[in-house]
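In what follows, a single structure is set out as structure tokens and then discussed.
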Amino acid sequence: MTIAAEKLAQYDEYVEALEILDEESRFEYIIDIGKRADKTAFPAECMDDAHLMHGCMSKVWIIHSRENDRSIFRGQSDAIIVKGLVSMMTGSFSGLTSGELAEVTLDHVRGLNLGALTMQRQVGMMAMLKHMQKLSLQAERAEAAD
Amino acid sequence: MNAIGQPAGQPTRRAGHNIEGGFDVERIRQDFPILSRQVHGKPLVYFDSGASAQKPRAVIDAMTEVLENEYTNVHRGAHYLSQTLTDRYEGVRETIARFINAPSENQIVITRNTTEAINLVAATYGRKFLGRGDGVVVSTMEHHANIVPWQMLRDEKGIELKVAPIDDTGALDLDAYAALLDGNTKLVAITHCSNVLGTMVPAAEIVRLAHDRGIPVLLDGSQAVVHSTVDVQALDADFYVFTGHKLYGPNAIGVLYGKAELLAQMPPYQGGGDMIASVTFEKTTYQEPPHRFEAGTPPIVEAIGLGAAMDYVSAIGMEAIAAHEKSLLTYATERLMAQPGIQLFGTAPGKAAILSFIQQGIHPFDTAATLDREGVAVRVGQHCAEPLMGRLGVDGTVRASLAMYNTTAEVDTMIRALERARTLFG
């Protein structure tokens, strides 16, 4: 299975935007995304332990819902930069089935060209991806069990 | 604002740039190759030595020399290389003993790190001498390495963990500590220097109060041994533990010092080669301390590196290093507190050169990421001290931990980076 190109349109947009920026501008780009995400309402009641990704440097909450077999994610963090990162991840990979999501790999995350932030322990983007994949799979299994 | 956090005041007297005085920090910096590199196109400012210090050329060369010309296993060869390297390896035990003024090298157990040293005491002394209802006193500001091993023993043996509080400056509340020594307390395991607050506890007094009631004391010296002269006999510590990598040595080597009579009574920690006297399928007998506690091939190259690090520190002189760090801490504290919105955690008198802080309204991760963009390496988060974060009322802090090779100019770089963080996030 391969992921249809149109499903990764938002991801491709981020990749294109980031690849023309130098390292310093990429840093400020993430901050801008984080600040924009800050203005988007995230349900306060979902900033709880049930939606928390455990990490010691900052907190990340991810909400998952399903629409016609597709996973929709929304993310939040108490740090602006991490909010930018989680916003990029949820924006890039919402709308995929759990099977498609399972095909998103480290290479996709590396494609964003964010260096150390890619693999950073606990709040890193790979950790977010794995968490999103797990949420999607859990929801699919729960639906199948109903 | 949390009670321990100190509000930012008005700018105070700005220290001059000659605070290094007779301490030739530029000369010392030349001994550390990594300090000449750049990060994100900016000169590296390494303020994360509390997590792991950088290594001087003397350590790198000593380890390279062993690997290139002297390497083999120790304690088990009849050949030349094994005999000479065993001599060097065991010689390091003497260096360590001298460094902390231990009465004998036989009281120096080589471990992987502080964590293993504490686990070793919990698993041997703890399992043998502590039982249901016995109390172990720790403090609010312990690193997880000095909490979790005792919790594991609590779950296994039913001991009780008792926590000595700190006051609003981050100093240990000695009266409350003394009160915890009554009743069922059978061991004190306490940090000599907080890795978050920089608080130096009155270790000799802590030991004296415990000994008055016949209670032995383990001191976690991971940070203290880097910033001050440690004399285990003067402290009268029963156990003293620290790690090599914070002391400008390599990682994967740590030290457990123990009083001879205690080590002699402790059963082995792990079983295997090197720690035995004789093995048959029917019966195995064990070596005397310290080898009884060192199963398997030890960290040979790392030991040589740690010995070189201690020689390096000793040649400069711990008192000179401490004086430099104290001046630097004073300068950094003044500059930091002159910034708007800084909340500093830990202001106990005599603290070590560790600054934990937050910029109000800015998440510590955002602060630290901005500092990183300017080449300034700090640690952010809970610093393996989650209970202390609860006491401070924060989820995490930024921690700048200073070392012998840091300068006032580097502090200035950090201050400029904090100003940028305010622009970006304020």
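A few points about this structure:
- The strands (runs of 3 or more DSSP E) falling completely within the stretch B:327-426 that include 3 or more residues that are within 14 Å of chain A (Cβ to nearest Cβ) and under 30 Å from B:Gln151 (Cα atoms) map to B:379-381, B:397-401.
- Verdict on B:Ala260 being under 22 Å from B:Tyr177 (Cβ atoms) and at pLDDT 95 or above: no
- The stretch A:28-42, residues that are within 14 Å of chain B (Cβ to nearest Cβ) and either over 17 Å from the mean Cα position of the chain (by Cα) or without any contact (Cβ under 8 Å) to a residue 12 or more places away in the chain (or both): A:Glu28
- Against the conditions (1) modelled with pLDDT under 95; (2) loosely packed, with under 12 Cβ neighbours inside 10 Å, B:Asn69 satisfies every one except (1).
- Some residue of the stretch B:376-385 being more than 24 Å from B:Cys193 (Cβ to Cβ), of a type outside the set (A, V, I, L, M, F, W, C) and surrounded by fewer than 24 Cβ atoms within 10 Å (Cβ to Cβ): no
- Flag for B:Tyr46 being of a type in the set (Phe, Trp, Tyr), away from chain A (no Cβ under 14 Å) and buried (at least 17 other Cβ atoms within 10 Å of the Cβ): yes
- Among the residues making up the stretch B:381-426, those that are aliphatic (A, V, I, L, M), within 21 Å of B:Gly341 (Cβ to Cβ) and touching a Phe, Trp or Tyr at 6+ places or on another chain (Cβ under 8 Å) are B:Leu392, B:Val394, B:Val398, B:Ala400, B:Val411, B:Met414.
- The criterion of at least 2 residues that are free of Cβ contacts under 8 Å to residues at least 60 places away in the same chain is met by the following helices (runs of 4 or more DSSP H) wholly inside the stretch B:43-155: B:57-65, B:80-99.
- Residue tally, condition at pLDDT below 95 and either over 26 Å from A:Leu52 (Cβ atoms) or more than 26 Å from the chain's Cα centre (by Cα) (or both), over the stretch B:386-426: 1
- Filtered by the rule that a residue be within 14 Å of chain B (Cβ to nearest Cβ) and surrounded by 19 or more Cβ atoms within 10 Å (Cβ to Cβ), the stretch A:64-80 gives A:Gln76, A:Ser77, A:Ala79, A:Ile80.
- For the stretch B:270-288, the condition of being assigned to a helix (DSSP H, G or I) and assigned by TED's automatic domain parsing to the domain that holds B:Asn146 holds for none of the residues.
- When residues of the stretch A:43-63 are limited to those that are buried (at least 19 other Cβ atoms within 10 Å of the Cβ) and away from every other protein chain (no Cβ under 14 Å), the one farthest from A:Lys130 (Cα to Cα): A:His51
The values are calculated or read from the model by the stated rules, or taken from the named source; none is laboratory data. Not measured: the values here are computed from a predicted model. Here Cβ is always computed from backbone atoms with ideal geometry, including for glycine, and neighbour counts include all displayed protein chains.
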